Amino acid sequence: MASNQAQPLSSAVVCSRLGDALNACAQGSTEGLESLARQSVPCLVAIAEQFLDHHDEIADVVHDTLELAWHNIWRFNAAKHGPQHWLMHIFGSRLNSQLKAPHTQPEDDTSALRIDIDRVDLPPPVHMSESLSAERLCTMAEQLPPATISEHLRTRLTTALELLRSTRDMPLTPNGEPADPRLFDPILAPRMRLSRIANRTMGVLDGYIGKPLEQGLLSLWLHQAPGNAWIEKRGLPRHAIEERYSRQLDVKVAPRELLRQVNYPLSFPDRKVRHRIGSRLLWEGDWDVPLSHALSSRRTHFIADIWHHRRHPDRSRSYHYLAGRLARGNPIASHSDGIMLDRPERILAYLRRYLLYMESIICFGFDNTLGKDPLGVAVNRQGELIKINKGLHRLAMAQVLGIPNVTLKVRAIHRQWWQHIADGTQGQEALDRVLSALPYCQPLRD
């Protein structure tokens with residue numbers, strides 16, 4: 001994937017060739033990625049050697065830089081940034097997080113952690129060092145001679161390229177994405193196919209029946225047609241409201257202030273009610289009382305743990321937990337995600353996938369459009385925001401990384417607050433009042 005020898009080239013020639021390689025990557029060409037590696041890796045290694053002493057860390061940073069570039073190539077805009085500047089921005093961000101990562105020891109005691117009781121101590125946000133700005137790294141690239149590529153890094157990059165090419169032949173997960181070849185096992189394929197067929201069937205039925213029905217109910221309620229009282233009593237059709245008023249349901253929040261979340265088993269002990277509640281905008285009852293703390297959740301512990309151990313994910317508490325399940329003959333398996341963690345290398349690949357997503361957030365900012373669902377939030381009876389079960393991993397990442405603010409979508413409103421804001425109005429007027437009040441809602445204070 002990368003050549004051992006490279007001759008110094010003028011900046012114009014480097015930018016032209018990098019631009020061609022990035023454009024090929026944008027077309028989905030793995031040959032473009034191979035060309036990008038061949039041109040950039042000797043330079044990236046030479047710069048990394050000025051900051052890092054260990055070859056494994058240098059390999060991690062260079063490998064992740066290319067993978068981040070590949071997965072985020074759609075962000076590249078030649079009109080805004082030159083190809084070398086864009087690549088160096090990614091490289092500098094990844095190198096910065098490596099340098100800021102603590103040196104850790106293995107977490108042997110996995111039994112001491114009490115989920116739902118112990119709270120995570122959030123680390124300080126990762127601030128970008130000025131010495132690693134894209135401009136300074138571009139200058140270093142012109143001054144340093146290209147480095148020789150170690151056989152270890154060459155093998156790692158070649159393997160990564162082969163895995164990327166094999167993605168084309170991977171079966172699709174129920175959500176329609178190719179399974180990750182690093183985590184996929186053929187034993188998952190039959191259930192994945194059945195779930196995908198079921199999902200597509202439900203999507204077709206929803207398109208022909210569910211959505212038109214909800215849109216019809218919403219129109220009847222907005223115009224206060226006969227039956228409007230029953231529609232509102234039932235909770236209002238959330239999907240139809242979200243489709244029509246999507247942007248007006250968005251609220252901006254500082255992630256570290258959103259620390260309370262709905263405890264579904266306690267709030268909705270009846271599973272039938274719990275299943276139905278997601279299609280309704282208005283929730284009633286005491287669901288907003290038995291809350292959980294976000295910093296005590298399993299997801300936040302997982303994200304904070306692997307981020308703390310990002311230099312050596314195999315030293316994390318999460319790795320030892322997953323390896324322990326494997327040793328007991330009960331490895332993590334999910335046909336919906338297309339993963340089977342039945343080997344140590346698959347466990348590491350699984351953890352690194354989350355770490356790479358976090359590196360992408362640091363480099364490019366938090367993008368709420370990339371998940372399966374928008375980050376969801378509910379409004380309690382006092383008009384305060386509470387997290388719900390949509391995007392919990394991504395919210396945990398934003399909290400651990402110290403992202404200043406994220407956009408969340410209001411997916412549930414307590415009926416008491418709705419009635420207080422509506423103040424006796426009905427239909428469109430009531431909805432307009434509530435939508436106008438949403439931007440002023442703040443997270444429930446801890």
| request: Considering (1) more than 15 Å from Asn389 (Cβ to Cβ); (2) crowded, with 20+ Cβ neighbours inside 10 Å; (3) touching a Leu at 6+ places or on another chain (Cβ under 8 Å); (4) of a type outside the set (Lys, Arg), say which one Gln248 fails and leave the rest. | output: (2)
| In the stretch 129-151, the residues that are more than 34 Å from the chain's Cα centre (by Cα) and charged (D, E, K, R) | Glu142
| task | State the number of residues belonging to the stretch 174-213 that are in contact with a Pro (Cβ under 7 Å, 6 or more places away or on another chain), open to solvent by less than 40 Å² (accessible area, probe 1.4 Å) and assigned to a helix (DSSP H, G or I). | result | 3
| query | For the subset of the stretch 383-400 comprising residues that are open to solvent by 30 Å² or more (accessible area, probe 1.4 Å) and touching a residue at least 60 places away in the same chain (Cβ under 8 Å), which member is farthest from Pro313 (Cα to Cα)? | reply | Glu384
| field | Scope the stretch 147-168; condition open to solvent by 30 Å² or more (accessible area, probe 1.4 Å) and either among the hydroxyl-bearing types (Ser, Thr, Tyr) or farther than 19 Å from His71 by Cβ (or both); matching residues | value | Thr148, Ser150, Glu151, His152, Arg154, Thr155, Thr158, Thr159, Ser166, Thr167
| remark: Within the stretch 71-92, residues open to solvent by less than 70 Å² (accessible area, probe 1.4 Å) and part of a loop (DSSP other than H, G, I, E, B) come out as Asn72, Phe76, Asn77, Gly82
| Hey, does the stretch 300-310 have a residue that's open to solvent by 40 Å² or more (accessible area, probe 1.4 Å) and in contact with a helix residue (DSSP H, G or I) (Cβ under 7 Å, 6 or more places away or on another chain)? | no
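This table checks each residue for (1) among the small types (Gly, Ala, Ser); (2) in contact (Cβ under 8 Å) with a residue 24 or more places away in the chain.
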position: Cys138; (1), (2): no, yes
position: Gln143; (1), (2): no, no
position: Pro146; (1), (2): no, yes
position: Glu151; (1), (2): no, no
position: Thr155; (1), (2): no, no
position: Thr173; (1), (2): no, yes
position: Asp180; (1), (2): no, yes
position: Pro186; (1), (2): no, no
position: Ala189; (1), (2): yes, no
| Residue list for the stretch 343-374, filter: among the charged types (D, E, K, R) and open to solvent by 50 Å² or more (accessible area, probe 1.4 Å) | Arg343, Glu345, Arg352, Arg353, Lys372, Asp373
| task | Take the stretch 402-425 and flag every residue that is open to solvent by less than 10 Å² (accessible area, probe 1.4 Å), out of contact with any Phe, Trp or Tyr (no Cβ under 6 Å at 6 or more places or on another chain) and either closer than 15 Å to Glu257 by Cβ or acidic (Asp, Glu) (or both). | result | Leu408
| Test: residue in the stretch 107-130 that is touching a Gly at 6+ places or on another chain (Cβ under 9 Å) and farther than 29 Å from Ser297 by Cβ | yes
| Is it the case that some residue within the stretch 430-443 is within 21 Å of Arg274 (Cα to Cα) and either surrounded by fewer than 23 Cβ atoms within 10 Å (Cβ to Cβ) or in contact with a Cys (Cβ under 6 Å, 6 or more places away or on another chain) (or both)? | no
| query | Any idea which of Leu22, Leu68, Leu95 is of a type in the set (A, V, I, L, M), in contact with an Asp or Glu (Cβ under 9 Å, 6 or more places away or on another chain) and open to solvent by less than 40 Å² (accessible area, probe 1.4 Å)? | reply | Leu68
| Mind checking which residues of the stretch 135-146 are assigned to a helix (DSSP H, G or I) and either open to solvent by 50 Å² or more (accessible area, probe 1.4 Å) or among the β-branched types (Val, Ile, Thr) (or both)? | Glu135, Arg136, Thr139, Glu142, Gln143
| query | Of the residues that sit in the stretch 250-293 and are free of Cβ contacts under 8 Å to residues at least 12 places away in the same chain and under 27 Å from the mean Cα position of the chain (by Cα), which one is nearest to Glu214 (Cα to Cα)? | reply | Arg276
| query | Where in the stretch 354-446 are there helices (runs of 4 or more DSSP H), lying wholly inside it, with at least 1 residues that are under 14 Å from the mean Cα position of the chain (by Cα)? | reply | 392-401
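The values are calculated or read from the model by the stated rules, or taken from the named source; none is laboratory data. Just so it is clear, the model here is predicted, and its values are computed rather than measured. We place every Cβ from the backbone using ideal geometry, glycine too, and count neighbours over all the protein chains shown. Ligands, DNA and RNA are stripped out before the accessible areas are found, and what is left, the full protein with its side chains, is counted by its heavy atoms. Shrake-Rupley method; radii C 1.70, N 1.55, O 1.52, S 1.80 Å.
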